[in-house]
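This report concerns only the one structure given below.
The values are calculated or read from the model by the stated rules, or taken from the named source; none is laboratory data. It should be emphasised that the depicted structure is a prediction, and the values quoted were computed from it without experimental measurement. A quick note on method: Cβ atoms are made from the backbone with ideal geometry, for glycine too, and the neighbour counts reach across all protein chains shown. Heavy atoms of the whole protein, side chains included, go into the accessibility calculation; ligands, DNA and RNA do not. Shrake-Rupley method; radii C 1.70, N 1.55, O 1.52, S 1.80 Å.
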Amino acid sequence: MIRLALLRHGHTEWNRAGRIQGRSDIPLDAAARAELAVQALPAPWDTADLWSSPLQRAAETARLVSGREPRCAPELTEMFWGEWEGRHGLDLKAEPDSGFRDIEQWGWDYRPPGGESPAEVWARIEPWLAGLRHDTVAVCHIGIMRMILARACGWDFDGPAPFRIKRNRLFIVEADDARLTPLADPVRLIKREAAP
């Protein structure tokens, strides 16, 4: 059995503005860097294998909280939102013909125009997950975390999610062959000890 701890990257300017990022490679903002610089992975996660999405906001978050360089996996890149990347979700919601809907009404096969469906995202994550051999921290994106937690919780994007993804917390799942089991409570990052 392997344990996988999922950590969402820190804030970016686009996050704070409510813009859809997807694969757009937006960096952390200064406030996120300052916040993450004083946080660290708690034991035993501080010595676990460390992976991240190749997007700079995830890779930098991984470096800041671990003090080491992550291995990057393209499979952990955020879901592609196609034509909606860079747009404000509230604007799309207000446009009757946009086709935009909340993720709780997607199902596994809904796809933003020119983007990826949850099923397609899961198809690229699953082989990476199956290849893990040791307990692992993966610093990634809310979309990637939703796919893994949805599988672990049996949620089909058909109503309120049985989890709420917050920043600065590790969401842990146990992987036993193809079976994923979520641990009940996320684990908070810890405050980094000041250098003597």
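Taking the accessible area of the range 31-89, probe 1.4 Å, and keeping the other protein chains in place, the carbon and sulfur fraction comes to 54%. Restricting attention to the chain, close to 60% of DSSP beta bridges with both partner residues there are antiparallel.
Relative to the compact globular guide of 2.2 N^0.38 Å, what is the alpha carbon radius of gyration of the range 37-83, as a ratio?
Values: Rg = 12.0 Å, N = 47, 2.2 N^0.38 = 9.5 Å.
In units of the globular-protein estimate, the range 37-83 measures up at 1.26.
When you filter the trypsin sites (Lys or Arg not before Pro) in the range 97-157 for DSSP loop state and at most 10 other Cβ atoms inside 10 Å of their Cβ, you are left with ARG133.
Taking only Cα atoms of the chain, what ratio of Rg to Rh do you get with Rh as the Kirkwood inverse-distance radius? Before the final figure, lay out the partial values.
Numbers: Rg = 16.5 Å, Rh = 17.2 Å.
Rg divided by Rh gives 0.96.
What's the local net charge at SER117, with K and R +1, D and E -1, over the other residues with C-beta under 10 Å away?
Net local charge, SER117 excluded: -2.
Radius of gyration (Cα atoms) of the range 47-135, expressed as a multiple of 2.2 N^0.38 Å: 1.32.
Ignoring ligands, DNA and RNA, what percent of the 1.4 Å accessible area of the range 134-196 is carbon and sulfur?
Numbers: 1660 of 3500 Å².
About 47 percent, which is the carbon plus sulfur part of the accessible surface.
Projected onto their three principal axes, the Cα atoms of the range 1-92 cover extents of 43, 31, 18 Å, largest first.
Just the number please: accessible area per residue for the range 1-136, 1.4 Å probe, all protein chains included, in Å².
For the range 1-136, the per-residue accessible area is 47 Å².
Tell me, what is the percent relative contact order of the chain, built from C-alpha pairs under 8 Å that lie six or more residues apart?
Working: 373 pairs, mean separation 62.7, N = 196.
So the answer I get is 32 percent.
Shown in residue order for the range 102-110 are the 3J(HN,Hα) couplings computed by the Karplus curve 6.51 cos²θ - 1.76 cosθ + 1.60 at θ = phi - 60°: 5, 4, 5, 10, 8, x, 7, 10, 5 Hz (x for Gly and Pro).
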